[in-house]
1. Given the options 80, 29, name the one that is touching a Ser or Thr at 6+ places or on another chain (Cβ under 8 Å), part of a helix (DSSP H, G or I) and modelled with pLDDT under 95.
2. Scan the stretch 75-86 for residues that are over 15 Å from residue 58 (Cβ atoms) and in contact with a strand residue (DSSP E or B) (Cβ under 6 Å, 6 or more places away or on another chain) and jot them down.
3. Would you point out the residue of the stretch 40-62, among those that are of a type outside the set (Val, Ile, Thr) and either in contact with a helix residue (DSSP H, G or I) (Cβ under 9 Å, 6 or more places away or on another chain) or touching a residue at least 40 places away in the same chain (Cβ under 8 Å) (or both), that is farthest from residue 108 (Cα to Cα)?
4. Going by what's in this entry, would residue 46 be described as modelled with pLDDT under 95 and among the small types (Gly, Ala, Ser)?
5. Read through the list (1) under 17 Å from residue 45 (Cβ atoms); (2) charged (D, E, K, R); (3) assigned to a loop (DSSP other than H, G, I, E, B), then give the number of the only condition that residue 70 fails.
Amino acid sequence: MKILLTVLSVGLALVLVAGTVLGSDYERRKDRGHEYSKSYESKIYGTINKVPEGGFGIWVVNGKDVLVTKDTFIDEEHGRAAAGAFAEVKGGYDGKTFKAFKIEIKRTKK
């Protein structure tokens, strides 16, 4: 019985540690491939004016150019990422370019 409890306790501890280490998909994507420091992170809120064909490249959000790459996490839980949708863009400046690491669609155009 003691061995079973020990094995279960160790197993539970490993599951908790693994979950913490792995983190969310968003956090893994956020940390990968972005060269700016956390002090330059910011957000853009506004209407998506333009999405390039294929979805990657320069988007225009609230009149500002936003670079979207394959590493950008796009959360479409509340609507589709398309022109006319309202979005929150998290990212940072890499020189003159605002690189998005997460785009969350807040609502679509009615």
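The values are calculated or read from the model by the stated rules, or taken from the named source; none is laboratory data. Here the structure is a predicted model, which means the values were calculated and not measured. Here the Cβ is made from the backbone with ideal geometry for all residues, glycine too, and neighbour counts use every protein chain on show.
1. Numbers: 80 fails: part of a helix (DSSP H, G or I).
Among 80, 29, only 29 is touching a Ser or Thr at 6+ places or on another chain (Cβ under 8 Å), part of a helix (DSSP H, G or I) and modelled with pLDDT under 95.
2. So in the stretch 75-86, the residues over 15 Å from residue 58 (Cβ atoms) come out as 75-80, 82, 84-86.
75, 76, 78, 79, 85, 86 - these are the residues of the stretch 75-86 that are over 15 Å from residue 58 (Cβ atoms) and in contact with a strand residue (DSSP E or B) (Cβ under 6 Å, 6 or more places away or on another chain).
3. The selected residue is 40.
4. So residue 46 does not fit the description; no.
5. (1)
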